[in-house]
Structures are given as C-alpha cells and as structure tokens.
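Student: A single structure is presented below for examination.
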Amino acid sequence: EKGVGDVKFLRHKENNRIRVLMRQEKTMKVIVNHFLDPRIVLTPNVGNDKSWVWVAFDFSDEELVETTFAIRFASSEIAQEYKAQFSKSQEEMEKLMNGGDSAEGTNEADE
C-alpha cells in the first residue's frame with residue numbers, strides 16, 4: 001500500500017498525452033505516475049464494487065517499473081465515475097496514438 005490521495009488525469013500541453021498522477025495526501029510524494037496506455041485493462045477488484053485493479057509501467061520512483069495498482073473509492077458510484085473517465089481518456093489516447101488529433105489541436109491547426 002502506497003497511501004491515500006487524490007488521483008488526477010493530466011494532459012500534456014504540447015503532445016496531448018494523458019497520464020495518471022496520484023500524490024500521497026500528507027507528503028505530496030508522487031505514488032502513481034504512468035501514461036494512460038489504451039491497452040491497460042481496468043478490472044474490478046474481487047468482491048468489492050468500490051475498487052479497481054490494473055497493471056501499468058509506473059514512473060513514480062523515477063524508474064520505469066511494471067506495477068500492479070489497486071485503487072479504492074468511498075462509494076461504488078465514485079468508482080464507476082473513475083472507470084468512465086479512465087475509459088474516456090484511454091479512447092482519446094488511442095486516437096492520438098493512431099495519428100488523430102484532439103478537436104482542440106485541429107482548431108489550432110486551422111488558424
């Protein structure tokens with residue numbers, strides 16, 4: 001267990017890549033830091049509808065390491081919202097990796 005904190009989906013300003021970032025609540029130490037690869041599979045934690053498990057290449061300790069993550073939320077509704085945002089961000093990353101631009105980037109290119 002690495003700790004308690006807020007998890008965020010962050011988009012890079014220049015290349016639009018999305019990463020998952022979580023900092024420990026009290027120390028602000030980075031405890032989750034990985035790109036949101038479209039191949040990541042978010043699975044429910046066995047016997048708990050408020051938590052998810054996935055595997056990703058983490059860089060929180062400044063070294064790229066394949067890590068299994070588990071995250072638990074206060075309610076199943078919040079857990080479902082997280083899954084929806086996770087999936088939406090994965091779809092955006094897949095489009096980006098396949099050469100598609102975000103609508104924002106397309107508008108900038110037209111100007």
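Student: Using only Cα atoms, find the angle between the long axis of helix 76-97 and the longest principal axis of the chain, and express it within 0 to 90 degrees, rounded to the nearest 10.
Tutor: With rounding to tens, the tilt is 30 degrees.
Student: Please calculate how many Å² of accessible area the chain carries per residue, with a 1.4 Å probe and no DNA, RNA or ligand atoms counted.
Tutor: 71 Å²
Student: For the chain, just the Cα set please: Rg and Dmax, both in angstrom.
Tutor: When restricted to the Cα atoms of the chain, Rg and Dmax are 15.1, 52 Å.
Student: Helix-derived [θ] at 222 nm for the chain: sum -39500 (n - 2.57) over DSSP H runs of at least 4, divide by residue count, nearest 500?
Tutor: Calculated mean residue ellipticity at 222 nm is -9000 deg cm²/dmol.
Student: Return the lysines within reach of Lys95: Cα separation strictly under 23 angstrom, same-chain partners fewer than 8 residues apart disregarded; answer none if there are no such residues.
Tutor: Straight-distance partners of Lys95: Lys8, Lys13, Lys83.
Student: Please list, ordered by chain and number, the residues whose modelled amide H lies under 5 Å from the amide H of Lys29; skip anything fewer than 5 residues away on the same chain.
Tutor: Excluding prolines and chain starts, which carry no amide H, the hits are Gln24.
The values are calculated or read from the model by the stated rules, or taken from the named source; none is laboratory data. Predicted model, so just to flag it, every value in this text is computed and none were measured. In case anyone asks, the SASA skips ligands and DNA or RNA and just uses the protein heavy atoms, side chains included. Shrake-Rupley method; radii C 1.70, N 1.55, O 1.52, S 1.80 Å.
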